[in-house]
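Right, one structure below, let's go through it.
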Amino acid sequence: MNIDTLFSSFIHEIGKAKTEEEVYRTLLKSLKAMLKYNGALVLKQNEVVFFDPEVFDISKYSDYMAWIEERLLPSFFLESDEFIGIIPIVKQGKMLGSIIVRTNKEPNNELMVFLQIFSFLTGITLENLVLIEKIKNSEKFMFEVLNSISEGIFVLDEKGELEFSNKLGKEIIEKYDIKDYFKFLILDDANIHSKEFGENYFTIVKTKFDFLGSTKYIITFNNVTYEMELEKLKQLDKMKTEFVANISHELRTPLSAVKAYTETLLNMEVDPESQKEFLSIIYEQSERLEALLNDLLDFTLIESGTMELEYSEFNICEVLQSVLEKVSPFAEKFRVKLEHSCSEVTVFADRKRIFQVVYNLLDNAIKFNDKEKDERFAKVNIKNEDNELIIEVEDNGIGISKEEKNKIFEKFYKGDRSLTYEVSGTGLGLAIVKEIVRLHRGNIDVESEVKKGTRFIVRIPLGK
């Protein structure tokens with residue numbers, strides 16, 4: 001089999017691989033055709049994960065392995081009457097594993113180039129499998145979150161046929177005959193309804209959206225039987241209408257991108273450059289989806305009053321550094337300069353939740369930058385003052401009006417309505433921040449002026 005035919009066969013077979021083992025089997029099959037090797041091993045984290053036809057001793061090659069990991073290029077050397085080849089599996093300058101082969105003939109330059117290409121494509125495929133698994137886990141997590149929400153949630157097609165319902169939705173369907181009511185809902189012009197089913201009274205919200213060219217409806221059933229104040233009910237319905245519309249958009253965008261690029265990678269032959277671009281987009285969108293779902297999960301904990309803190313001692317500056325590393329690419333995208341100062345303070349608090357506070361505030365400072373300004377900044381200052389942990393986050397962004405100051409910590413509120421779909425998020429970030437600060441026995445204040453900027457000040461008592 002010539003090299004071109006072998007390469008085409010490799011691309012075809014590896015494109016069908018669903019597991020790591022299938023990827024390795026395909027790779028070794030191609031290497032055997034190229035090198036006529038006597039034996040081959042696949043190593044991952046210095047452990048043999050695949051071999052053909054049997055395992056052989058590799059302990060004497062440890063020095064070579066370190067050299068290969070530094071060069072990230074295939075290499076062959078003579079040992080007795082055989083050539084030993086070490087071929088790294090590389091992705092974005094990182095060694096994911098390696099193949100060690102024993103062969104009677106040293107490959108020429110052309111074969112060395114193909115070995116490098118084969119290992120690179122193998123690395124991309126392995127990373128793709130990891131991303132696909134992560135997407136599946138994210139979808140599972142999303143369903144778990146939806147099932148934990150204390151509302152019946154339904155997704156209908158354009159004819160009113162049920163496509164999805166969460167756990168509470170299934171209970172409502174089992175208890176009441178609402179299939180005909182679904183068809184009424186999608187034909188009615190109103191998006192908010194109130195209806196009594198049996199002994200319960202529901203507020204029902206309908207949101208229409210487009211998903212991959214098909215019209216869909218999200219219907220939420222909220223049991224308001226025991227609500228006491230009608231005005232409070234109306235306000236809650238309004239917020240949840242906006243929330244459902246917003247979250248349907250926020251979830252649809254990353255899910256559509258992930259699905260489209262994954263289908264392309266699975267079903268089409270794509271050059272390595274495009275594969276790298278597609279996988280970067282998939283990873284970015286899956287992180288966005290994970291952040292949205294984490295906000296939803298935190299919201300359910302707040303609503304149910306079950307959010308608990310896990311206290312430990314830690315250096316607050318280490319937490320700040322972690323936040324800065326995570327938001328830096330986002331700041332570069334919006335051309336926002338990050339500035340920070342931190343006094344070395346050991347605090348006794350929930351490290352994960354304090355990270356969340358700093359991250360959410362800094363994320364907002366970057367997000368709501370003023371595009372009309374040439375110089376944009378977001379500053380973080382953390383210090384110990386009068387035995388209190390002080391976290392200040394300041395920006396020179398669009399600012400907050402006096403009217404909005406009283407609303408920004410409300411659930412689902414997203415500030416400037418003109419930015420609702422320009423700036424991603426659930427509108428839960430500041431509500432989550434406020435709850436975390438409250439659980440730490442602290443408080444949060446905001447100072448802001450439209451077109452000049454905003455400063456958030458968090459104060460949390462130090463000590464156990």
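The values are calculated or read from the model by the stated rules, or taken from the named source; none is laboratory data. All figures in this text were calculated on a predicted structure; none of them were measured in a lab. Note: ideal-geometry Cβ built from the backbone for every residue, glycine included; neighbour counts use all protein chains shown.
Looking at this structure, is Ser8 without any contact (Cβ under 8 Å) to a residue 12 or more places away in the chain, closer than 15 Å to Phe114 by Cβ and either assigned by TED's automatic domain parsing to the domain that holds Gln116 or among the hydroxyl-bearing types (Ser, Thr, Tyr) (or both)? Against the criterion (without any contact (Cβ under 8 Å) to a residue 12 or more places away in the chain, closer than 15 Å to Phe114 by Cβ and either assigned by TED's automatic domain parsing to the domain that holds Gln116 or among the hydroxyl-bearing types (Ser, Thr, Tyr) (or both)), Ser8 qualifies.
Scanning the range 405-422 for residues that are touching a helix residue (DSSP H, G or I) at 6+ places or on another chain (Cβ under 6 Å), closer than 25 Å to Asp295 by Cα and modelled with pLDDT of 90 or more turns up nothing.
Quick one: how many residues across the range 152-193 are among the acidic types (Asp, Glu) and crowded, with 19+ Cβ neighbours inside 10 Å? Adding up the residues that qualify gives 0. It is to be established whether one or more residues within the range 333-341 are touching a residue at least 24 places away in the same chain (Cβ under 8 Å), closer than 20 Å to Val458 by Cβ and within 22 Å of the chain's Cα centre (by Cα). No, there is no match, as no residue in the range 333-341 is touching a residue at least 24 places away in the same chain (Cβ under 8 Å), closer than 20 Å to Val458 by Cβ and within 22 Å of the chain's Cα centre (by Cα). Checked against (1) at pLDDT 90 or above; (2) under 19 Å from Ile366 (Cβ atoms); (3) touching a Lys or Arg at 6+ places or on another chain (Cβ under 9 Å); (4) of a type in the set (Val, Ile, Thr), Ile457 passes all but condition (3). Listed by first and then second residue, the pairs linking a residue in the range 197-226 that is in the same structural domain as Thr253 (by TED's automatic domain parsing) to a residue that is among the acidic types (Asp, Glu) and exposed (fewer than 13 other Cβ atoms within 10 Å of the Cβ), with Cβ atoms under 6 Å apart and 6 or more places separating them unless they lie on different chains, are Thr215/Glu158.
Residues are listed down the side, and each one gets a yes or a no for (1) under 30 Å from Leu6 (Cβ atoms); (2) without any contact (Cβ under 8 Å) to a residue 12 or more places away in the chain:
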position: Ile89; (1), (2): yes, no
position: Gly97; (1), (2): yes, no
position: Ile100; (1), (2): yes, no
position: Asn104; (1), (2): yes, no
position: Asn137; (1), (2): no, yes
position: Lys140; (1), (2): no, yes
position: Gly152; (1), (2): no, no
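Taking the range 347-392 as the region of interest, how many residues are buried (at least 21 other Cβ atoms within 10 Å of the Cβ) and more than 24 Å from the chain's Cα centre (by Cα)? Result for the range 347-392: 6.
The helices (runs of 4 or more DSSP H) found entirely in the range 1-101 that carry 3 or more residues being among the small types (Gly, Ala, Ser) are 3-16. Scanning the range 7-64 for residues that are within 22 Å of Asp81 (Cβ to Cβ), among the acidic types (Asp, Glu) and touching a strand residue (DSSP E or B) at 6+ places or on another chain (Cβ under 9 Å) returns Asp52, Glu54. Of the residues examined, Glu344 is not one that is surrounded by fewer than 22 Cβ atoms within 10 Å (Cβ to Cβ) and within 19 Å of Arg455 (Cα to Cα).
Considering the range 106-150, and only residues there that are in a helix (DSSP H, G or I) and charged (D, E, K, R), the residue that is surrounded by the most Cβ atoms within 10 Å (Cβ to Cβ) turns out to be Glu127. For the range 59-72, the criterion of being among the basic types (Lys, Arg), surrounded by fewer than 13 Cβ atoms within 10 Å (Cβ to Cβ) and touching a residue at least 60 places away in the same chain (Cβ under 8 Å) is met by none of the residues. For the range 427-447, indicate whether the set of residues that are among the β-branched types (Val, Ile, Thr), crowded, with 20+ Cβ neighbours inside 10 Å and modelled with pLDDT under 80 is non-empty. The answer is no; no qualifying residue exists.
Considering only residues in the range 296-322 that are farther than 22 Å from Ser138 by Cβ and of a type in the set (Val, Ile, Thr), the one that is surrounded by the fewest Cβ atoms within 10 Å (Cβ to Cβ) turns out to be Thr306.
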